[in-house]
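Engineer: If you scroll down you'll find the structure; I have some questions about it.
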Amino acid sequence: MTNCSTLYKSKKVQAYLEKSFKENACGLIKEKRGLPLFCWRDFKKGFKKGFMETCKMRKKKMTLNIKRNNNKTKKSKKLIKK
């Protein structure tokens, strides 16, 4: 498994970040006739926070599933040997 921060820094995620900001910025420009100050910085911080939370939750679920699967196989092996 790779680290969440390395996943965030990958080209694919950064391209998605820029694409989603452009879509969001178009809506803001039409609505407010311009971008607010520090719009990019705030959007980037929020995106990173959300990305890290979901990444950590996914990793936690994956490790729990692996532990549960290993426990099931150990029990089944013991039953088979008896």
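Coordinate-derived values only; no laboratory data. Just so you know, these numbers come straight off a predicted model, no measurement behind them. Every residue, glycine as well, gets a Cβ built from its backbone with ideal geometry; the counts of neighbours run over all protein chains shown.
Engineer: Pairs to check: LYS9/LYS60; LYS32/LYS56; LYS30/LYS59. Give those whose C-alpha atoms are more than 29 Å from each other in this structure.
Structural biologist: Flagged as over cut-off: LYS32/LYS56; LYS30/LYS59.
Engineer: Continuing with this model, one more query. Quote the FRET efficiency, to the nearest 0.05, computed for LYS9 versus LEU35 with a Förster distance R0 of 35 Å and r equal to the Cβ-Cβ distance.
Structural biologist: 0.90
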